[in-house]
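Each remark here refers to the structure printed beneath this line.
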Amino acid sequence: MNLNGNEFSWPSYKVKIAGEEITAIKGVSWDHEIEGADHVYGIGAKPRGRTRGRYKPGDSSITFYLSGWKQFLALQPNGFGATRFDIVESYVEGSDVHTVVLEDCRILGGGGKSEEGTDPMEREVKISFMRAIEDGKELVADE
């Protein structure tokens with residue numbers, strides 16, 4: 001439910017990475033799907049059912065402003081690609097809260113570029129996560 005007609009938007013957004021709130025972030029991108037939920041056929045032209053499939057976390061990334069990336073790096077050991085952490089995204093409008101937890105994340109790589117202009121410097125890093133939980137719900141529940 002929205003509060004006074006306000007929908008969740010960028011000013012509603014907060015993110016914690018490894019328990020640390022980092023405000024110098026341009027965005028977090030992630031997806032997940034059920035892979036291999038293929039139709040099963042028998043006699044006839046219509047499917048009889050489908051396989052259960054399996055949970056597949058998808059491509060994910062965090063785009064930091066350079067100051068946010070420096071803040072994140074300062075908290076990491078050398079070899080930070082092996083460090084595991086959770087990302088908690090929260091959207092808050094009044095008492096209405098939507099939370100996404102990306103569990104067991106890991107930085108897989110990234111890079112940067114610098115170019116002339118007035119835009120702030122950014123670092124986009126690829127991440128991998130094990131599962132996403134939205135408001136306590138999962139796309140595929142534990143059995």
Once you keep just the Cα pairs under 8 angstrom separated by 6 or more residues, what percentage relative contact order results for the chain? 26
Among the listed pairs Lys16/Lys56; Lys70/Lys126; Lys56/Lys113; Lys26/Lys56; Lys14/Lys56; Lys56/Lys126, which have their C-alpha atoms separated by more than 19 angstrom in this model? Lys16/Lys56; Lys56/Lys113; Lys26/Lys56; Lys14/Lys56
Percent of all Cα-Cα pairs per 5 Å bin for the chain, counting from 0 up to the last occupied bin, reads 2, 8, 15, 18, 15, 13, 11, 7, 5, 3, 2, 1, 0
Whichever aspartates and glutamates have a C-alpha closer than 19 Å to that of Lys137, once near sequence neighbours (fewer than 8 apart) are set aside: Asp31, Glu33, Glu35, Asp86, Glu89, Asp96, Glu103, Asp104
Compute the distance from the alpha-carbon center of segment 116-143 to that of segment 1-79, in whole Å. 4
With a cut-off of 8 Å between alpha carbons and a minimum separation of six or more residues, what is the relative contact order of segment 100-143 in percent? 47
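Once you have the Kirkwood Rh of segment 18-74 from its Cα pairs, apply Stokes-Einstein at 25 °C and 0.890 mPa s and quote D in µm²/s.
Numbers: Rh = 14.8 Å.
Reported coefficient: 166 µm²/s.
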Using θ = phi - 60° and Karplus 6.51 cos²θ - 1.76 cosθ + 1.60, couplings along segment 21-30 (whole Hz; Gly, Pro as x): 6, 10, 9, 8, 10, 7, x, 10, 10, 7
Can you give me the convex hull volume of the Cα atoms of segment 76-143, divided per residue and expressed in Å³? 150
Debye, to nearest 20: dipole size of the chain, +1 on Lys, Arg Cβ, -1 on Asp, Glu Cβ: 560
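With an 8 Å Cα cut-off and a minimum separation of 6 or more residues, compute the relative contact order for segment 69-130 in percent.
Value for segment 69-130: 28 percent.
Read-outs: derived from the displayed coordinates by stated rules, not from any lab. Here the structure is a predicted model, which means the values were calculated and not measured. Neighbour counts run over all protein chains shown; Cβ positions are idealised from the backbone, glycine included.
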